[in-house]
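Every read-out reported here was derived from the displayed coordinates using simple, explicitly stated rules and does not represent laboratory data. Since this is a predicted model, take the numbers as computed values, not measurements. With ideal geometry, Cβ positions are generated from the backbone for all residues, glycine too; neighbour counts draw on all protein chains shown.
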Amino acid sequence: MTQQPHSTQQPHSPSAGGQEQPPAWNDSGQAPGTRGHGAPPSGSGLAAGGAVFAGVLMLMNGVIAILQGISALAKDDVYTRVGDYIYSINLTGWGVILICLGAVGVITGWGILSGMSWARVCGIVLAGLSAILQFMFLPYAPVWSVIMIAVDVFVIWALAVYDPAASGARR
């Protein structure tokens, strides 16, 4: 490392007493003996923000699923089928499924935002179930289902890599 402009001594030159002095700065640009920031703890940055975002997505997705379920129960012609599909459930069945999934999603989203550890596991399971059900809902809303599958994959990732111990969240 080169000598700092404000330094008056050479980093490894002996002092007046004949003893060698430690370098003023180490290779990381810090004074010896000081602790640097180093790498951030696992799961603290992007994953912690992703977990909060996943909680918000779960909460909003739950409310939207409840509204979708109510509309599917209210009228059978709200959604039109886009061709034949091997997985066929009538709209009344979808309404009940969406309302139940939405209610659990709202509770899980609230739990994730509150920092509950049970909510992370429940959120991963619920997002996986939601991705499977959105695949089955493809004939009714193909674009929406593909978007929701992508959101569910993000939620699974964010909740799986999040380490609450590293970010200081409550358990």
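The modelled label-to-label distance between Ala74 and Ser117, using points 7 Å beyond Cα along the C-beta direction, is 4.3 nm.
Quick note on region 112-168: its Rg to Rh ratio, both from C-alpha atoms and Rh being the Kirkwood radius, is 1.09. Relative to the current alpha-carbon distance between Val153 and Ile89, full extension at 0.36 nm per residue lengthens the span by 20.7 nm. Evaluating 6.51 cos²θ - 1.76 cosθ + 1.60 at θ = phi - 60° for every residue in region 138-151, the Karplus couplings come out as 3, x, 8, 8, x, 5, 4, 5, 5, 4, 5, 5, 5, 4 Hz, glycine and proline recorded as x.
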